Each structure stands twice: as C-alpha cells, then as structure tokens.
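So the structure is just underneath, and the comments pick up after that.
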Number of protein chains: 2
Amino acid sequence: MKLGIIGLGKMGNSIAYRALIEGHDVFGFDIDKDSLKHAQEIGVKVSSSLSELVLYSEVIWLMLPAGKIIDETIEKFLPDLNNKKIIVDGGNSNFQDSVLRFQKLKKLGIEFLDCGVSGGLQGREIGFCLMIGGQKSAFEQVVPIFESISAKNGFAYMGPSGSGHYVKMVHNGIEYALLQAYSEGFNILKNSEYRLNLEKISDVWLHGSIIRSWILELTHKIFLKDQDFKGISGQIGGGQTGAWAIQEAYKLGLNSPLIEKSLEIRQLSQKTGGDYGTKLVALLRHEFGGHEVKKID
Amino acid sequence: MKLGIIGLGKMGNSIAYRALIEGHDVFGFDIDKDSLKHAQEIGVKVSSSLSELVLYSEVIWLMLPAGKIIDETIEKFLPDLNNKKIIVDGGNSNFQDSVLRFQKLKKLGIEFLDCGVSGGLQGREIGFCLMIGGQKSAFEQVVPIFESISAKNGFAYMGPSGSGHYVKMVHNGIEYALLQAYSEGFNILKNSEYRLNLEKISDVWLHGSIIRSWILELTHKIFLKDQDFKGISGQIGGGQTGAWAIQEAYKLGLNSPLIEKSLEIRQLSQKTGGDYGTKLVALLRHEFGGHEVKKID
C-alpha cells in the first residue's frame, strides 16, 4: 500500500523501515532535517510538504507527540484529503481526544483509526504490538500495513474509536508498575549484605522462573554491561499515559495503587534524583524507548 | 545420584519426576499416604522411615513448608547422618533460619544448601529456576541434581549460606507486585465503558509488547477459559516471603512500596473478598502454584 508517515523520529523511522521491507510504498514528512535524511537513507520517499505526502498516500500515519500538534497537523492537510484516505494516529494520544478527532473527521467522510504501538526500539526488528480502535471497515482496509508493522500475531482490533489508545494507556500503566516492581527487588539485592551478582540473578531468573519477562531480559542486558550505575541520574521521565490510566480508574470507581505509586516515584525522582532502583528504571526506559538517561558527576 | 526427597506434595513430586527422567535414583518419604502413592506411581522408591531414606540417599532434599517442621525433621534423621550426606532445603524458608541451620550442621560436619525454587506447576515439564546458597564445594557436588531439575541454564550458585533463600524471597516480592500490576490493568479494562475482550488483549500483548511475560501468558490462558470470574472469591492467599522481603528492605533503609501495597491488598482481600483484580491474582496463583481458589455463591 501507499503509506505516508508524518513524524520520522525513532518510532516513525522504525515503522517506515518495517513497511518498506514488506514491500509497501512509504512516503515521509518531518520538520526535522536529520530525521528526514535518516528516513531517506532507508528508502522512504521524502515529501517536501504535507500536501504532497497526502496526495501520494492511501494511509496517513501520524507518529507525533500527544496533544495539539496532532490537531494542528490534521488541520494543515485537511484541504488535501478526500474520503479515500484513512488517517492512523500511532502515537500515545489521549483516547478521549482520539474520539473527538474521529467524530470531527467522520462528518467530513474521512476515517480515523487510533493505534497504540508497543515494542520500543526492539520492535524495529521483531515487529510491534498494535492495538487498534475505530471503524471496523477502515481497520480492515489498513490490515496489510498493520500486518507488516506488527510482530507475528501482534495486531488486533480493539473496538470503537478510542479503544486502541485506551488499551495502550492501560498497557502503559501496567508497564510503569512492572518496571517499578523489578526495580524494588533489584534495589534490595544490590544493597544486601550478601554481595550478590545481579547479572547472574537476572540471568537465572530468565530460565524457568515465574517472573521471567521481556522487561527482565532487558534488565539482564543492562546488568551485563554494568551493575553499579555510577554517574547516572535516577530521574525517571515520562508519565502522561500512566496519569491518564489513574484518572480513568478513578472515574470507574476503582483503585490502581501500584500504578499511582509508580507515577509518584517518577515524579519524586525528578526532584531527588532517585536511587539505585530508579536508575534501573531510567536505564530500562532508555533500553526499550531510547529515552534519555541523565549523567551526573 | 541417589536423591532422597522428604515432602512429596505438588512441588516435591515434580522434583522427583524430573530427577527420575534424568536417570537419578530417587527415594521419597512423606507422612501423607496419598502423596506417597502418587510418588510411587512415577517410580520413586518409597521409604518406610526417615532413617531408611537417609541411609540410601547421597543428597537429602527437603520440600516442606517453612518453619519448625524443617528443624524437627532434620532433628529426627540427624542420628542417621554422616559427613558424606548433603542436605538441600528446597522450600521457602526464611534465609536467616537457613543460616542458623547451616551453622548448626556445619559443626557436625554436615553440609546444608538453601535452594529457592521457582517455576510452579509448569516447572514439572519445562524445569525449574533454582537459586542456591551455601558452601561452594557442596553446591558443586549436587550439580548433577540441580542440572536435572532445572530448566536449561536455570540454576546458579548465589553465594554463602542463606543467599539462595534470600534471592528467592526477593523474587517472590517482585512476583507479588507483578501479579498486582497486571491485575490493576485488567481491572480497568474489564470495567471500561468499551466492552473489551480481555482474551484478545492479553493475546495481542504477548506478541511484541513491552509487557509480555510468563505471568501474562498464564493470564491469557485464564481468559481463554473465562473472563467474568463469577462464583470465584477474590481472596488471595500466601504472603509470607513477601513480608520478609519488606522487612529486609526496612532493615537496609530502603522502601519497597509496591511490594508492600501488594501484600496489603492480599491481606485486605481476605476480609473483603476482593474485586475482579484480586480474583485474577487468585486464579494466577492457582494456575502456577495450584493454590486454592475459593468458590462463592
């Protein structure tokens, strides 16, 4: 298919890459010159304007930060759209915003899908996990793209508009708590009077234990390089989607104390610089998401 | 090797099974007649007394509940021991108790290893994850047994006496928080205004997402059978090793808020009967540990 990607950062570039190797025609646009250059190097046909990208594309994939920039970008290319084009928002947008966008575009006869994308940097090679919401018929039209971008069996239709980003929001909440759970454990092990080898422990846990996981695999990768984390700040960034998950839990009359606590620890770490445990979380976020880890003296 | 297992419950039986299929000579003792019968059926040579078991075994493997029963059992067969025998405690004993037992037996010239065992019911077929503490030379003598019982690359020497149970204690603390993290997420999804299919969501998350894990695989297995959890109590049992992990964190001047909160939720669920989320945790504990799930009207 003809896929136009707007936003060619780390994730946008990986999505372009996967679509290209599966034989799709990929067009790309980004305001950042370096991102454009990197995309061109892997075979993306770089557009000089949004209008040009929209003209050539059947599916327009937004890979942008959540918020106003999504609306502003759609606004810009809206005059160039016709009812044969489908827009996919692959970012971490708020699901309620996605519903509003869906409704607005529906009136103009344009389909809008919200697609949560999980998998991080490693998704480039093994494929992503895609959670998709919107009109079922629009979803079905984009299946060839989803199939190419996703890991094997790694995409699914979640339901009406917003449900893709909704499920991704909850996924991220779970992710925060999982990261924090491992971090608490390794913090105890690191500080133990037993002089324990965390590389060895994370390795043996990957083989047959109840707590084996993808995050534990990345943890082991980190410990293979270093276990001391000297010169690294324990400040953990991110947190928006987790905050939404907590709000949604409240709205439903539920508690989500672990997700809440994990977010609180992230916020606190920004002020205090965190500890060994939050350093591990920051390094894990770097490992799977390429998020910055601050250096300290 | 000649392996004598004392305690032939679910876990003891699985350890016997794995040792047998790898060609070891397995002797067994249990006060429960049914457990003895099941063990005999898979080829365990059942002993009529502890003395007999100790006489035939090179390695004596205790698979008993934590606490006094370990000391009482060792006390009973102590007269039959000689310095060629090695005792392994494969249960969830407190690491400090293990150190005391090690010291006491050391004076008598008898080796004692503490071995944390993870993997649950599924370990029977795929092998367990073993974390072993004690004298290195004793560990090395028992390697043929550890190799047979464990998953591939699933055993490792952790350090001095107590370190095996120490690492398992922290493992269990992490496990509590991981279970609770997924449970919070699926609780939100279940109660969402979107009528979401949790079987589908847990399935797609297993393919390429950041939060894929063994626990998520078991979660998906549960949802394949049922998503409503009607007639099931949300009371979560267990909690001893997690409580020790929290105490140890305090002793080291650390916080472990997620492990603490998870334990609190378990305790509260005993009084209130819990919610959809704690039902999932109870079902997961049943899935991997065979722990009872109470039925309600």
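Within the stretch A:201-212, residues that are more than 7 Å from chain B (Cβ to nearest Cβ) reach partners that are at pLDDT 95 or above and in a loop (DSSP other than H, G, I, E, B) with beta carbons closer than 7 Å, at six or more positions or on different chains, in the pairs A:L206/A:R212.
Among the residues of the stretch A:164-174, what is the count of those that are facing chain B (nearest Cβ under 7 Å) and closer than 12 Å to A:C115 by Cα? Step through it out loud before you land on a result.
Of the stretch A:164-174, the ones facing chain B (nearest Cβ under 7 Å) are A:166-167, A:170-171, A:173-174.
Cutting the leftovers down to closer than 12 Å to A:C115 by Cα gives us A:166-167.
Of the residues in that region, 2 qualify.
Being of a type outside the set (S, T, Y) and either in contact with a Phe, Trp or Tyr (Cβ under 6 Å, 6 or more places away or on another chain) or within 8 Å of another protein chain (Cβ to nearest Cβ) (or both): is that true of B:L283 here? Taking the combined requirement at face value, the residue does not satisfy it.
Would you call B:G43 at pLDDT 95 or above, touching a Leu at 6+ places or on another chain (Cβ under 9 Å) and within 25 Å of B:P79 (Cβ to Cβ)? Walk me through how you get there before you give the answer.
Values: at pLDDT 95 or above: yes; touching a Leu at 6+ places or on another chain (Cβ under 9 Å): yes; within 25 Å of B:P79 (Cβ to Cβ): no.
Judged against the criteria, B:G43 is not a match.
Considered as a group, the residues in the stretch A:242-279 that are more than 12 Å from every other protein chain (Cβ to nearest Cβ) and in contact with a Phe, Trp or Tyr (Cβ under 9 Å, 6 or more places away or on another chain) include one that is least open to solvent (accessible area, probe 1.4 Å), and that residue is A:R266. Could you check, for the stretch B:73-80, whether at least one of its residues is exposed (fewer than 14 other Cβ atoms within 10 Å of the Cβ), of a type in the set (A, V, I, L, M) and over 22 Å from B:G127 (Cα atoms)? No, the stretch B:73-80 contains no residue that is exposed (fewer than 14 other Cβ atoms within 10 Å of the Cβ), of a type in the set (A, V, I, L, M) and over 22 Å from B:G127 (Cα atoms). Quick check on the stretch A:81-88. Is at least one of its residues in contact with a Phe, Trp or Tyr (Cβ under 8 Å, 6 or more places away or on another chain), within 19 Å of A:S14 (Cβ to Cβ) and either at pLDDT 95 or above or within 14 Å of chain B (Cβ to nearest Cβ) (or both)? Yes, the conditions are met somewhere in the stretch A:81-88.
Of all residues in the stretch A:126-156, how many are open to solvent by 40 Å² or more (accessible area, probe 1.4 Å) and of a type outside the set (K, R)? Give the steps one after another, and end with the answer.
Going residue by residue through the stretch A:126-156, those that are open to solvent by 40 Å² or more (accessible area, probe 1.4 Å) are A:126, A:135-137, A:140-141, A:144, A:147, A:152-153, A:155.
Filter again for of a type outside the set (K, R), leaving A:126, A:135, A:137, A:140-141, A:144, A:147, A:153, A:155.
Summing the residues that are open to solvent by 40 Å² or more (accessible area, probe 1.4 Å) and of a type outside the set (K, R) in the stretch A:126-156 gives 9.
Taking the stretch B:26-51 as the range and being within 18 Å of B:I87 (Cα to Cα) and surrounded by 16 or more Cβ atoms within 10 Å (Cβ to Cβ) as the test, the residues that pass are B:V26, B:F27, B:G28, B:F29, B:D30, B:S47, B:L50. Counting only helices (runs of 4 or more DSSP H) that sit completely within the stretch B:1-116, those holding 1 or more residues that are farther than 24 Å from B:H165 by Cβ and touching a helix residue (DSSP H, G or I) at 6+ places or on another chain (Cβ under 9 Å) correspond to B:10-21, B:33-41, B:50-56.
Criterion first (open to solvent by less than 10 Å² (accessible area, probe 1.4 Å), facing chain B (nearest Cβ under 7 Å), in contact with a Lys or Arg (Cβ under 9 Å, 6 or more places away or on another chain) and not acidic (D, E)) does A:G123 satisfy it?
Working: open to solvent by less than 10 Å² (accessible area, probe 1.4 Å): yes; facing chain B (nearest Cβ under 7 Å): yes; in contact with a Lys or Arg (Cβ under 9 Å, 6 or more places away or on another chain): yes; not acidic (D, E): yes.
So A:G123 fits the description; yes.
Scanning the stretch B:228-239 for residues that are touching a strand residue (DSSP E or B) at 6+ places or on another chain (Cβ under 7 Å) and farther than 30 Å from B:Q267 by Cβ turns up nothing.
Being within 7 Å of chain A (Cβ to nearest Cβ) and over 30 Å from B:M63 (Cβ atoms) is a description that applies to B:Y194. Here A:G109 passes the criteria (1) at pLDDT 95 or above; (2) open to solvent by 10 Å² or more (accessible area, probe 1.4 Å); (3) at positive phi except the one numbered (1). The residues in the stretch B:142-163 that are at the interface with chain A (Cβ under 10 Å from one of its Cβ atoms) and assigned to a helix (DSSP H, G or I) can be counted, and the count is 2.
Look at the stretch B:113-142: where a residue is aromatic (F, W, Y) and a partner is part of a helix (DSSP H, G or I), sitting 6+ places away or on another chain with Cβ atoms under 7 Å, you get B:F128/B:I149.
B:G173 is checked against (1) open to solvent by 10 Å² or more (accessible area, probe 1.4 Å); (2) in a helix (DSSP H, G or I) and fails just one. What number does that condition carry? Tallying (1) open to solvent by 10 Å² or more (accessible area, probe 1.4 Å); (2) in a helix (DSSP H, G or I), B:G173 fails exactly one: (1).
Among the candidates B:S233, B:S183, which residue alone is surrounded by fewer than 21 Cβ atoms within 10 Å (Cβ to Cβ), in contact (Cβ under 8 Å) with a residue 40 or more places away in the chain and assigned by TED's automatic domain parsing to the domain that holds B:L263?
Values: B:S183 fails: surrounded by fewer than 21 Cβ atoms within 10 Å (Cβ to Cβ).
Matching residue, one of B:S233, B:S183: B:S233.
Cβ-Cβ distances below 6 Å connect the following pairs, each with a first residue in the stretch B:268-297 that is closer than 18 Å to B:Q122 by Cα, a second residue that is open to solvent by less than 10 Å² (accessible area, probe 1.4 Å) and outside any helix (DSSP H, G or I), and a separation of six or more residues or different chains: B:V281/B:I236; B:A282/B:I236; B:F288/A:I210. Of all residues in the stretch A:239-256, none that is on the phi < 0 side of the Ramachandran plot has its Cβ atom under 6 Å from the Cβ atom of a residue that is of a type in the set (G, A, S) and open to solvent by 10 Å² or more (accessible area, probe 1.4 Å), 6 or more apart or on another chain. Selection of the stretch B:1-25 for residues being open to solvent by less than 20 Å² (accessible area, probe 1.4 Å) and hydroxyl-bearing (S, T, Y) yields only B:S14. Note on the stretch B:117-129: residues that are under 20 Å from B:G239 (Cα atoms) and not in a strand (DSSP E or B) total 3.
The values are calculated or read from the model by the stated rules, or taken from the named source; none is laboratory data. Note that the structure is a prediction, hence the values are computed from the model and not measured. Glycine also receives a Cβ, built like all others from the backbone with ideal geometry; neighbour counts cover every protein chain displayed. We work out accessible area using only protein heavy atoms, side chains counted, and drop any ligands, DNA or RNA first. Shrake-Rupley method; radii C 1.70, N 1.55, O 1.52, S 1.80 Å.
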